[in-house]
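The values are calculated or read from the model by the stated rules, or taken from the named source; none is laboratory data. On a predicted model such as this, the values are computed, not experimentally measured, just so you know. Using ideal geometry, Cβ is built from the backbone for each residue, glycine included, and neighbour counts are taken over all protein chains shown.
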């Protein structure tokens, strides 16, 4: 299932509902992506490097479809019995939750791998763009090569 | 044809979407980018660096050689950065 929303989500509630509708699954993996405190965590703490807020823009007509495509691809590659992706948009602050991925399977390997795959493909295919505000001003976040490399491992 | 712009492309071009009449000689994404670039300095500036432009036709990622036709919804945007 796919949800694209401005509102926050509650991991406990989402997990409970997800686990409930797939009572036979022996393994459930949850991943939460959050807004970092530092624009570049490898650089020292400074006002220019501290994130004040981010704004996530997206392409509504495509986002839902693309996330569904990515979800179908995961279902076709691993024996997962359920999956859930929640992705937020709008203005968010350090520590805020951005994305939730839940995967369920009879075995943990499939649930772990499918969750990682969903995140890797989401990061390189789902039409979202982050604009970051720091002490240095506002700038659009550039795509990262390591995200492309991560997506490429799932040929 | 509807053309949508996102993120810094939207800001540089100065609008989020527009309707255009596709010239008869334009038949693919690369041709559309060339034609758009000639429409003014803001377009030329936004579309200079083709390696940081991604395109979707009817809400699906495509490459620059993808065919386009009247009635399509074309979206131009930078590489995605969600998640």
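Annotation: residue A:57 fulfils all but one of (1) more than 14 Å from chain B (Cβ to nearest Cβ); (2) farther than 18 Å from residue A:115 by Cα; (3) not in a helix (DSSP H, G or I); the unmet one is (1). Take residue A:111 and tell me if it is in a helix (DSSP H, G or I), away from chain B (no Cβ under 13 Å), touching a residue at least 40 places away in the same chain (Cβ under 8 Å) and closer than 14 Å to residue A:30 by Cα. So residue A:111 fits the description; yes.
If you check residue A:62 against the conditions, is it in contact (Cβ under 8 Å) with a residue 12 or more places away in the chain and closer than 26 Å to residue B:16 by Cα? Against the criterion (in contact (Cβ under 8 Å) with a residue 12 or more places away in the chain and closer than 26 Å to residue B:16 by Cα), residue A:62 qualifies. Residue A:142 meets all of the listed conditions (1) at the interface with chain B (Cβ under 9 Å from one of its Cβ atoms); (2) modelled with pLDDT of 95 or more but one, namely (2). Residues in the range B:9-50 that are touching a helix residue (DSSP H, G or I) at 6+ places or on another chain (Cβ under 8 Å), buried (at least 18 other Cβ atoms within 10 Å of the Cβ) and under 24 Å from residue B:81 (Cα atoms): B:9, B:13, B:33, B:43, B:46, B:47. Tell me which residues, restricted to the range A:70-82, are buried (at least 17 other Cβ atoms within 10 Å of the Cβ) and assigned to a helix (DSSP H, G or I). Those that are buried (at least 17 other Cβ atoms within 10 Å of the Cβ) and assigned to a helix (DSSP H, G or I): A:70, A:71, A:74. In the range B:51-83, the residue that is nearest to the other protein chains (Cβ to nearest Cβ) out of those that are surrounded by fewer than 13 Cβ atoms within 10 Å (Cβ to Cβ) and farther than 22 Å from residue B:19 by Cβ is B:51.
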